[in-house]
1. Out of Arg339, Arg321, Arg390, I need the residue that is surrounded by fewer than 13 Cβ atoms within 10 Å (Cβ to Cβ), at pLDDT below 90 and under 26 Å from Val298 (Cα atoms). Which one?
2. Please enumerate the residues belonging to region 82-94 that are within 13 Å of ligand 1 (Cβ to nearest atom) and either outside the structural domain of Asp148 (by the TED database) or part of a loop (DSSP other than H, G, I, E, B) (or both).
3. For region 71-117, give me each residue that is touching a strand residue (DSSP E or B) at 6+ places or on another chain (Cβ under 6 Å) and small (Gly, Ala, Ser).
4. Which condition from (1) of a type outside the set (Asp, Glu); (2) in contact with a strand residue (DSSP E or B) (Cβ under 8 Å, 6 or more places away or on another chain); (3) more than 14 Å from ligand 1 (Cβ to nearest atom) is the one that Ser124 breaks?
5. Please list, ordered by first then second residue, the pairs with beta carbon atoms under 6 Å, 6 or more apart or interchain, first in region 67-96 and in contact (Cβ under 8 Å) with a residue 24 or more places away in the chain, second within 12 Å of ligand 2 (Cβ to nearest atom) and among the basic types (Lys, Arg).
6. Taking region 357-387 only, how many residues are modelled with pLDDT of 85 or more and open to solvent by 60 Å² or more (accessible area, probe 1.4 Å)?
7. Considering region 229-239 alone, what residues qualify as being part of a helix (DSSP H, G or I) and open to solvent by less than 30 Å² (accessible area, probe 1.4 Å)?
8. If I ask for residues that are near ligand 3 (Cβ under 9 Å from one of its atoms) and not charged (D, E, K, R), which ones from region 79-94 would you list?
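The values are calculated or read from the model by the stated rules, or taken from the named source; none is laboratory data. Quantities reported herein were computed from a predicted structural model and do not represent experimental measurements. Don't worry about glycine lacking a Cβ; one is built from the backbone with ideal geometry, like all the others, and counts go over all protein chains shown. The area values use the complete protein model at the heavy-atom level, side chains included, leaving out ligands, DNA and RNA. Shrake-Rupley method; radii C 1.70, N 1.55, O 1.52, S 1.80 Å.
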Amino acid sequence: MGILEKIKDIELEMSRTQKNKATEGHLGILKSKLAKLRTQLLAPSKTSGSNEDSFEVSKYGHGRVALIGFPSVGKSTLLTELTGTDSEVAAYEFTTLTCIPGVIHYNDAKIQLLDLPGIIEGASEGKGRGRQVIAVAKSSDLILMVLDATKSEAANSTYAHKEILTRELEAVGLRLNQTPPRVYVKPKHSGGVQVNNVVSGGLTKMSESTILKILAEYKIHHCELLFREDVTVDQFIDVLEGNRKYVRCLYVYNKVDALTIEEVDSLSRRPDSVCISCHMKLGMDHLLRRTWNDMGLVRVYTKKTGQKPDFDEPVVLADHRGGCTVKHFCDQIHNTLSRGLKYAQVWGVSAKHMGQRVGLKHALSDEDVVQVVKDDGAVDKEELKGRFRRKNDPARIADRVKKAKLKT
Ligand SMILES: Nc1nc2c(ncn2[C@@H]2O[C@H](COP(=O)(O)OP(=O)(O)OP(=O)(O)O)[C@@H](O)[C@H]2O)c(=O)[nH]1
Ligand SMILES: [K+]
Ligand SMILES: [Mg+2]
């Protein structure tokens, strides 16, 4: 039996199984099996094995945004509108057949925007060019899920489209607008499974026996588990699979020119949603602003002692877990800068007061001004190491001894 058939079988069994306390463990095992099969499906050594028709284009700029959506929702029209790059637009489906990159210039940053072929239900299992499209989505810092607003309320199909696409992306390990579950697994050689949970109110979404059954499915018999969050079975499996990608997603409803004001109003109130019309050039500024906010890019203006800040060319820092720090800023300018830093002075939102003196760990905010003060007296650690190495180099020692002998 092929992987796809096995997946179908398990999905069928799951749909037939009633959800209650008694079946929780069994469902947990089925979900783990499903997750493992899907991971197998993603493994690169598939029949063709080659990725010559992959859509991968090289990364460019300070971040990458992918346009994901059903055919003919207006992805290419949007790319052309935001970047000026031509991508063929037509009324028929599957006009775009490959990945077309463009660049958004916004707030002195360059953001790579990727137009992609439309995807349909079954994309994660290889329908259409679904797998290649999803691979590009996985490599992005933000996904713009483009939806056709005219197909919304009446048939409720925009809702359906959004759910279908979300399911397709989830099937390959993408998690939209979620944070990684705060559950930690420490494998051990013996001692069985030890469950520590620091969640007030305890774990309400799965029992300890379900946890053990799922662990057994992953052949984990000895480990220390720490739950800092009341997670679901699915989230727990995500932790064990370990290959999930957590990415931000904005839902972009295009073609609102064909809707009433009331309909637009209701769509734009949905979470993480933006209404636009490429034809009427509506909502573009708003979309760019939301894109910028979601990417978490930080602009830092540099300043030299006794001079005015340089507001022309900021250093743009990409989102780092735990924020963009003075260290990230220094590294972006030069890889040795942080070593010689005495302190940095900061003006802006992140500073407690104007010109606050801070160290490398200080987290910077967008549009901060930073002045680096170098410690000229301090000897560089790397330089010291180098000196030590040179001094103790056997060849040099031998050389020194030889010279000393010659003198005497
Ligand atoms: N009414 C209206 N039509 C639009 C708008 N934006 C795009 N369209 C039309 O929608 C159709 C599809 O546009 P495309 O940009 O080719 O859509 P796509 O998502 O790139 O399609 P594929 O590449 O085939 O997946 C074209 O006929 C566009 O003119 C809009 O804001 N309003
Ligand atoms: K089209
Ligand atoms: Mg297109």
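1. Arg321
2. The answer is Thr85, Asp86, Ser87, Glu88, Val89, Ala90, Ala91, Tyr92, Glu93, Phe94.
3. Gly74, Ser76, Ser87, Gly102, Ala109, listed by residue number.
4. Unmet condition: (2).
5. Pairs that qualify, where the first residue is in contact (Cβ under 8 Å) with a residue 24 or more places away in the chain and the partner is within 12 Å of ligand 2 (Cβ to nearest atom) and among the basic types (Lys, Arg), are Leu67/Lys75; Gly69/Lys75.
6. Total satisfying the criteria: 4.
7. So the first thing to find is which residues in region 229-239 are part of a helix (DSSP H, G or I), and the list is 233-239.
Within region 229-239, Val233, Phe236, Ile237, Asp238 meet the criteria.
8. Matches in region 79-94: Leu79, Ser87, Val89, Ala90, Phe94.
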